[in-house]
1. Over the range 121-318, what is the mean sequence separation of C-alpha contacts under 8 Å (at least six apart), divided by residue count, expressed as relative contact order in percent?
2. Taking the alpha carbon gyration tensor of the chain, what are the square roots of 5 times its eigenvalues, largest first, to the nearest whole Å?
3. PRE reach from Glu189 (point 7 Å along Cα→Cβ): which of the range 225-249 fall under 20 Å by backbone N?
4. With each label point set 7 Å from Cα along the Cα-Cβ vector, what nm distance links Lys87 and Ser213?
5. Skipping prolines and chain starts, which residues have an amide H placed within reach, meaning under 5 Å, of the one on Met161, given they are 5 or more residues away or on another chain?
6. Evaluate E = 1/(1 + (r/R0)^6) for Gln169 and Gln389, where r is the Cβ-Cβ distance and R0 equals 41 Å; express this FRET efficiency to the nearest 0.05.
7. In whole Hz, what ³J(HN,Hα) sequence does the range 610-622 give by Karplus (6.51, -1.76, 1.60; θ = phi - 60°), x for Gly and Pro?
8. Counting only DSSP beta bridges with both residues in the chain, what percent are antiparallel, rounded to the nearest 5?
Amino acid sequence: MRYVILLLTSCLLIWSSASLCATNPKSSPYFLHLDWLDESQSPSQDFFLYANGSWQKAHPIPAAYASWNIMKILHEKNLIRIQKMLKTAANETHPEGSIEQKVGDFYFSGMNAKAINQEGVKALDPYFQQILKIQTLEDLQSVLAQLHQMGVSAVFQFGQMKDFKNSRQIIPYAMQAGLSLPDRSYYLEAGFEKIRQAYRLHLKQMFVLLGDSPAQATSNAELVLRLETALAQASLTRIQMRDPHAIYHPMALKQLRNLNKSFSWEKYFSDLGHPEFISLNIATPVFFTEFDRLLKEVSISDWKVYLRWHLIQSFAPFLSDPFVKENFKMASQLTGAKKLLPRWKRVVNMENTVLGFAVGQLYVAHYFTPEAKAKAQELIDHIRQALNQDLRQLSWMTPQTRLAALKKLDLMRDRVGYPDRWLDYSTLQIDRGSYVLNLIRAGQFWQARELNKIGKPLDDSEWDMPPQEVNAYYDPSTNRLNIPAGILQPPFFDLKAPDAINYGATGFVVGHEMTHGFDDEGSLFDGYGNLENWWSAEDLEKFHQTADAVATQFSGCLVNGKLPVQGKLVSGEAIADFGGLTLAYKAFHLLPTAHLAPTLAGYTPDQQFFLSAAHLWASNIRPEEASRLVVTDPHPPAFCRVNASFADMPEFQMAFAIPFNSPMVNSKRRSIW
Ligand SMILES: [Zn+2]
């Protein structure tokens, strides 16, 4: 299920965020993590392995995970902290409607395995009945609207977005969706045959669990695969979707009548309870033309099979054991994970999603100090200062673009830790009854909340990420960067560590998010978050050439030894990494105390800085997951984030005395920010 829909928001990592590994006490001082280094590796050949090789050997991937890295370790640490708070809330009596009552009851209902297993799919019965009753295209539309209201993904996604051309205005949008495999290429391209076969069997098994005969279930499986393949064919690629112009087609209802003859948007809006919507952004018009054709050609009975599948698929991970196990079987084919996460972790993860800001409110009260907030704010101010200086000095930029870029930076807002105003959950009913019903109501709450924003002024106080999340993001539509409390803990951020360490880690993260305002995608939006060109033609041409060079450089990174990274998919994140590292380094050296920074355990301050930055990406990943991320993740793989970005920095070369002809020096160095 998807509760909050974000268009184009760039975050630091795909991982939604466990115990920071027991660090070997022999490392001294602890924040250098010298025991993570593999000194049998040469920093000139592969800095990632040099910095993280021993960490990799000491941290095999736990069976329940597809990959293991610092963010996941911090996430696990947070899960333990949050579970403790939730258990306390669940064991006490709280006033009805308080956030403590809601978070405690949600946890209680999710942990009540006996009730969940007894209930089976019963909570979904009314919705299956609705699907069963569909007879006409009109009925089909109404049920689709009902499923969308619960956050079930079927055929397309519908939600709210800031108007790309006028970011203060919230408009509705509809976008391609309705697939179950991770990407369109899983349906269409060679190399995914094994997954498609596993998916066929999975579909069949799920229909059998719903009570269909094996023969019927087999034919239903084929039908779903066929229909989803048709939707995949009409879908834009992820690379195409990175272009905001390609996904911006505002249309009035009248125009839509020509595009969609079989689907009435008026009726859909009215079924959603929003007859006042009179226009929307059809993000992917070709997809909706194909949807219209499918509505004419695919029988109502076939659509009913498709909708049954999407309903069960959305809730399978939260139902009785047979559904959960079958769902995990398919997930493990896609990611390589060997074991299901224990129930309590699954429940806390879900609670972080549906009640994320309620959990966050309790989290920051326990685990985030005003000192950490102040220190992080100071660091952000320094990175900003470094970017300001950088923009003033860039030799390739003309004065006109320079002024516009400085204005954009000036208008960029940053927020640290947690929102000033907490999200209001008062209309969401959570109780100790059915877990699935809690989830259905939460889905309806979130979707209603999103749609109610349409036509109203932008609420500036809102965050798109709860404070406990180990991540950060930049939103080009508001020109705003958010650094949640979750990431402001070691090894990212340590109040006791020297500046070189914090600038190499958190400085890198902050610089990365700030650079998103100036990457190949973010640079298309002005300081007010509007899709307006602020570049001179000459500078834009130079910028595109460099962005293309970045894409080419990253296409040279091979995953599992053979799969090339999609340079055009990762170029925005790659630019942000390189820019972020450069800004953090400059900001560190702008500190009046930088020249006093001590050499520690034989490592100079600059060496500490680069080791700290490389340590962020210490990770292990299963081959299945690595292949999946090459197709779906706009972030380059971890080894490539370190090696390719560092190889572009003369300061890194100098710090570790790397010879010119080594792989850790890019012969075609580029400089953007
Ligand atoms: Zn990013």
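Read-outs: derived from the displayed coordinates by stated rules, not from any lab. Because the structure is predicted, anything quoted here is derived from the model rather than measured. No Cβ is skipped: glycine too gets one built from the backbone with ideal geometry, and neighbour counts run over all protein chains shown.
1. Values: 232 pairs, mean separation 56.6, N = 198.
Computed over the range 121-318, the figure is 29 percent.
2. Working: eigenvalues 336, 168, 128 Å².
The answer is 41, 29, 25 Å, longest axis first.
3. Only 226, 228-243 fall inside the zone, counting backbone N under 20 Å.
4. Roughly 5.0 nm, to one decimal.
5. Ile171, Tyr173
6. 0.75
7. 6, 5, 4, 5, 5, 5, 4, 9, 4, 6, 10, 9, 6
8. Details: 24 of 31 bridges.
Bridges in the chain are about 75 percent antiparallel.
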